[in-house]
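One structure is given below, encoded as structure tokens.
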Amino acid sequence: MKGEADTESDDDDDDDDCKKSSMDEGTAGSEAMATEEMSNLVNYIQPVKFESFEISKRTRVDSSNYMPQLFWNAGCQMVALNFQTVDLAMQINMGMYEYNGKSGYRLKPEFMRRPDKHFDPFTEGIVDGIVANTLSVKIISGQFLSDKKVGTYVEVDMFGLPVDTRRKAFKTKTSQGNAVNPVWEEEPIVFKKVVLPSLACLRIAAYEEGGKFIGHRILPVQAIRPGYHYVSLRNERNQPLMLPAVFVYIEVKDYVPDTYADVIEALSNPIRYVNLMEQRAKQLAALTLEDEEEVKKEVRRAPVVTHDF
């Protein structure tokens, strides 16, 4: 009996060892897979040296804000503002981060995240690897801007790099006592070259004729789509207003230097280009025909000279 019991005990120990060995092999496989995934994660998340943290000076006792755009242009990773002061700087900050669901984070442009790239925020030329934009904004009309019988107007601003920034770039005429459905239909404002669209934003603001603020909207250039849009306005705290809106037409194109404008136009609209060439050929032919008729008239009027021998 004792011998049989010892044999059964040895068999149980062997089974336990086999189970433990198989469990160890499974755990080892999981650990190897996890180690590989963690290694890939480390390679994906490269350490970035913290560049700077900007905060208002202690001497700024009026709780005013500096313009955060200046520090975004320089690649600062954290910019602190006085949230109790709802000024233009805070409005731009709210508009910029609204693009990412108000999470408070925006991914810096790719060239700012590369250690082998150097960026000068005061550049006026094309940034390496970035396609500049041409933006055209036409203010067509407004809807329910105010319930008072006052004149209204709209201003358009662009914020971004120093070369892209244009304060009060455009202002419509003041509507005469009509704030419900003013119509402007003016020539569009064209931002010929926006060097860095990913850091630029467009501001459309409506005012009463006395300069009283009605509402505004800040749109990152990178998020703007071409076409007709009803732009609903926001108040000073970037909260949606119920009715006020501005009807606009926006064109967004890749920037093309003037040297190549004709070539791009011919490629994008060949039928129009051919018609234009035919029209020019007819005009040149008409000019040539007139010149030939003038020559014939001069020949007829010229005196005949004879010689007697």
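The numbers here are math on the coordinates, done by the rules we state, and not lab data. Fair warning: this is a prediction, and the values are worked out from it, not measured in the lab. Glycine gets a Cβ as well: all are built from the backbone with ideal geometry, and neighbour counts include every protein chain shown.
So which GluC sites (Glu not before Pro) in the stretch 105-207 end up in coil per DSSP with only 16 or fewer other C-beta atoms within 10 Å? Those satisfying the criteria are Glu124, Glu185, Glu186. Checking every one of the chymotrypsin sites (Phe, Trp or Tyr not before Pro) in the stretch 94-142 against DSSP loop status and a limit of 12 other Cβ atoms within 10 Å picks out Tyr105, Phe122.
So how strong a dipole does the stretch 173-296 carry about its Cα centre when Lys and Arg Cβ are +1 and Asp and Glu Cβ are -1, to the nearest 20 debye?
1040 debye
Taken about its Cα centre, the stretch 142-187 carries a charge dipole of roughly 220 debye when the Cβ of each Lys and Arg holds +1 and the Cβ of each Asp and Glu holds -1.
Extending 7 Å from Cα along the Cβ direction at Ile130 and again at Arg280 yields two label points whose distance is 3.5 nm.
Pairs Lys168/Lys192; Lys171/Lys192; Lys138/Lys193; Lys102/Lys138; Lys108/Lys168: which are spaced more than 20 Å apart, C-alpha to C-alpha? Violating the 20 Å Cα-Cα cut-off are Lys102/Lys138; Lys108/Lys168. Fewest-first ordering of Val194, Val274, Val252 by other beta carbons within 10 Å of each residue's beta carbon gives Val274, Val252, Val194. Using the Cβ-Cβ distance between Arg225 and Ala80 with R0 set to 35 Å, the FRET efficiency from 1/(1 + (r/R0)^6) comes to roughly 0.60.
Among Trp72, Trp184, what is the fewest-to-most ranking by other Cβ atoms within 10 Å?
On the way: Trp72 24, Trp184 19.
In increasing order of surrounding Cβ atoms, one gets Trp184, Trp72.
Going from the residue with the fewest nearby Cβ atoms within 10 Å to the one with the most, Leu161, Leu284, Leu243 rank Leu284, Leu243, Leu161.
Using only the Cα atoms of the stretch 56-209, build the gyration tensor, take square roots of its eigenvalues as a ≥ b ≥ c, and label the shape rounded, prolate or oblate: rounded if a/c is under 1.5, else prolate if a/b is larger than b/c, else oblate.
The shape class here is oblate.
Taking other residues whose beta carbon is less than 11 angstrom from the beta carbon of Lys138, and scoring Lys, Arg as +1 and Asp, Glu as -1, yields -4.
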